[in-house]
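The structure under discussion appears below in the form of structure tokens.
The values are calculated or read from the model by the stated rules, or taken from the named source; none is laboratory data. Every value quoted in this text rests on a predicted model; they were computed, and no experiment measured them. Every residue, glycine as well, gets a Cβ built from its backbone with ideal geometry; the counts of neighbours run over all protein chains shown.
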Amino acid sequence: MSKLKPAEIAAKLNISTNTIRNYEARGLVPTPRRTESGYRVYSDIHLLYFTCIKSLSDGFGIDVAVKVMETVENKKIDEALWILNDELIRRGEEKKYVMEAIELIEYSKKKSSLWTLGEVAERMNVSRSAIRYWDKEGYIQAIRDPRSGYRNFDGLQLAKIRLIKVVNYYMDEHAKMKERFRSAEGTAACQELAEEVLTLLSIGNRKQLKAMASLEKLLEVIKYE
């Protein structure tokens, strides 16, 4: 069995040694043995654990990865799989949102309609404060009523709201995605944005498949420890 240093595992997985220590501190991996001088020494089993955590984090996000690994450590394998199943169902819902956004974009090519803030909040199932925030940040562009000054929204803005709900995870981390929403004006630009979001979901699908395979590999080894 190999003897691996934290730096070696970090290099293999392209993560920091601080991340490795954090995973260990949270109890997501078995406690490694230490040398007489106090240095951690990891085994191939630890590498499988760290690889699984990294893959789960890439595919499902760190919160889900932690929840799954905690249930695995507690020998609740079925519960861990149901957590991932729920996330896969959510990904299907996200694709539905993208397809609805595309339908709204197509609708906007044929007909010009406006919806009030309250109507948009109810139809999109989001809070008014969230819509105001997205408008303030420039992710969507409200059309102000010339008399009352109240916000109204056309079909393209509804489409962008649907897409924002899908990519909130990416919006928090990537400035490029925020700028894509700010600059998407007109049907052609919104259509390109929807296709880009759909591509992100497809990439995410592959990452999730890789994560499931990594978890299966870990479970096979744990079973026979």
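Mind checking which residues of the range 174-197 are assigned to a helix (DSSP H, G or I), over 18 Å from E87 (Cβ atoms) and in contact (Cβ under 8 Å) with a residue 24 or more places away in the chain? The answer is K178, F181, R182, T187, C190, Q191, L193, A194.
Looking at K210, K136, K178 in this structure, which one is charged (D, E, K, R), at pLDDT 90 or above and under 27 Å from G92 (Cβ atoms)? So the residue among K210, K136, K178 that is charged (D, E, K, R), at pLDDT 90 or above and under 27 Å from G92 (Cβ atoms) is K210. Candidates are the residues of the range 106-131 that are assigned to a loop (DSSP other than H, G, I, E, B) and in contact with a helix residue (DSSP H, G or I) (Cβ under 7 Å, 6 or more places away or on another chain); the one that is nearest to I161 (Cα to Cα) is V126. Considering every residue within the range 194-202, establish whether at least one is under 21 Å from G92 (Cα atoms), modelled with pLDDT of 95 or more and surrounded by 17 or more Cβ atoms within 10 Å (Cβ to Cβ). Looking for residues that are under 21 Å from G92 (Cα atoms), modelled with pLDDT of 95 or more and surrounded by 17 or more Cβ atoms within 10 Å (Cβ to Cβ), one finds at least one in the range 194-202, hence yes.
Summed over the range 48-63, the residues that are free of Cβ contacts under 8 Å to residues at least 60 places away in the same chain and either surrounded by fewer than 18 Cβ atoms within 10 Å (Cβ to Cβ) or out of contact with any helix residue (DSSP H, G or I) (no Cβ under 6 Å at 6 or more places or on another chain) (or both) give a count of 2.
Just one residue in the set D145, D135, D78 is charged (D, E, K, R) and closer than 28 Å to A211 by Cα; that residue is D78. Within the range 1-52, the set of residues being closer than 21 Å to T71 by Cα, assigned to a helix (DSSP H, G or I) and β-branched (V, I, T) comprises T19, I20, I45, T51. Which of the residues spanning the range 64-85 are closer than 17 Å to R206 by Cα and touching a helix residue (DSSP H, G or I) at 6+ places or on another chain (Cβ under 9 Å)? V64, A65, L84 - these are the residues of the range 64-85 that are closer than 17 Å to R206 by Cα and touching a helix residue (DSSP H, G or I) at 6+ places or on another chain (Cβ under 9 Å). Residues in the range 1-56 that are more than 25 Å from the chain's Cα centre (by Cα), closer than 22 Å to K210 by Cα and of a type in the set (A, V, I, L, M, F, W, C): I45 only.
Residue under question is K76, and the condition is that it be modelled with pLDDT of 90 or more and of a type in the set (D, E, K, R); does it hold? Let's see the steps before the verdict.
On the way: modelled with pLDDT of 90 or more: yes; of a type in the set (D, E, K, R): yes.
Against the criterion (modelled with pLDDT of 90 or more and of a type in the set (D, E, K, R)), K76 qualifies.
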